[in-house]
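What follows is calculated from the coordinates using simple rules that are stated; it is not laboratory data. What you are looking at is a predicted structure, and each value in this text was computed from that prediction instead of being measured. In this analysis, Cβ positions are derived from the backbone assuming ideal geometry, glycine residues included, and neighbour counts consider all displayed protein chains.
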């Protein structure tokens, strides 16, 4: 399931609902992204997440479908927020449930790696020097590419 | 054709979206970007370095040689930074 929303989410309630009644689930892996108060040595007072309505939902649904094709998942959930967020606020939730931990953990890792390099979100950070758009990081590209390498190795 | 601009591409061009009718010789994404540079100083600045611009045609990532036509929704944005 995919949700793109301005509002915060209740972590406990979301995770409980995701696996409720499904007793084939033996493992639930979760990633939660939070706003930090520092970026590259500069203090961050707040950030505003902009996105591309329509394409965001489409891309996230494609990424989720890819995860379900690669791993035997019983359930999955991606929630990504947009709008103005402050340090400590939740930005993103990725949760994957499977019979066993390996599939759940790997699928969760895959989803957040791909989301960071594909989903059309942009962060505008507010600091002492004003607001600036965050530049993409090569390390995120490298993290996402290792999943492509696995494909090649398997072929 | 509807154009959408996000993040600093919106700031630099000064528009979030606009309707354009490129000439017939503009048939793909690369040609569209080259044509857009001449729309004004804001567009010229925003499109100065094409390495840092990503394009989506009808909400799917598109390479410079991806064809475009009237009625398409074409979005221009920097590399994404969500998550």
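Please pull out the direction-averaged projected area of the protein assembly as shown, using the convex hull of its alpha-carbon atoms, in nm² to one decimal place. Intermediate values should be presented prior to the final figure.
Details: hull surface 58.6 nm².
Reported value for the Cα convex hull: 14.7 nm².
Need one value for A:120-127: mean number of C-beta atoms belonging to other chains within 10 Å of its residues' C-beta atoms. Walk me through the numbers on the way to the answer.
Numbers: counts 11, 7, 11, 5, 4, 1, 0, 0.
If you average over the peptide's residues, the count of other-chain Cβ atoms is 5.
Angle check, please: helix A:55-70 long axis (alpha carbons) against the longest principal axis of chain A (alpha carbons), in degrees 0 to 90, nearest 10.
Long axis of A:55-70 versus the principal axis of chain A: about 30 degrees.
Once the Cα atoms of helix A:101-118 and of chain A are each reduced to a long axis, what angle between those two axes, in degrees from 0 to 90 to the nearest 10, is obtained?
The answer is roughly 40 degrees.
Sort largest first and round to whole Å: the equivalent ellipsoid semi-axes of region B:40-81, each the square root of five times a Cα gyration tensor eigenvalue. Display every interim value, and only then the final one.
On the way: eigenvalues 68, 37, 18 Å².
Calculated on Cα positions only, the semi-axes equal 18, 14, 9 Å.
Please give the FRET efficiency for residue B:73 paired with residue A:42, using the beta carbon to beta carbon distance and R0 = 30 Å, rounded to the nearest 0.05. Before the final figure, lay out the partial values.
Values: r = 36 Å, r/R0 = 1.19.
For R0 = 30 Å, the calculated efficiency reads 0.25.
Using C-alpha positions alone, give me the convex hull volume of chain B per residue in cubic angstrom.
Values: hull volume 7.2 nm³, N = 83.
Roughly 87 Å³ of hull volume per residue.
Contact order normalised by length for chain B, with contacts defined as Cα pairs under 8 Å and 6 or more residues apart; what percent is it? It would help to have the intermediate numbers written out before the result.
Numbers: 134 pairs, mean separation 33.1, N = 83.
It comes to 40 percent, rounded to a whole number.
When only alpha-carbon atoms count, how far does region A:1-42 stretch along each of its three principal axes, as whole angstroms with the largest first?
46, 23, 16
Measure nothing fancy, just the Cα-based angle from helix A:138-154's long axis to the longest principal axis of chain A, in degrees from 0 to 90, nearest 10.
20
Going out from 0 in 5 Å bins, what whole percent of all Cα-Cα distances in region A:22-134 drops into each bin?
Percent of Cα pairs in each bin: 2, 12, 21, 18, 16, 13, 9, 5, 2, 1, 0.
What shape does region A:97-145 take by its C-alpha gyration tensor, where a ≥ b ≥ c are the square roots of the eigenvalues and a/c under 1.5 counts as rounded, a/b above b/c as prolate, and the rest as oblate?
Working: a/c = 3.55, a/b = 2.56, b/c = 1.38.
Note, shape of region A:97-145 comes out prolate.
Tell me, how many Å apart are the Cα centres for region B:16-83 and for region A:117-139?
21
So for each of B:72-79, A:128-135 I average, over its residues, the number of other beta carbons within 10 Å; can you give me the resulting order with the highest mean first? Could you put the intermediate results ahead of the total?
Values: B:72-79: 19.9, A:128-135: 12.6.
Packing proxy ranking, top to bottom: B:72-79, A:128-135.
If you restrict to DSSP beta bridges whose two residues both lie in the protein assembly as shown, what percentage is antiparallel, to the nearest 5? Mind dumping the intermediate values first?
Working: 40 of 48 bridges.
Here the antiparallel bridges make up roughly 85 percent for the protein assembly as shown.
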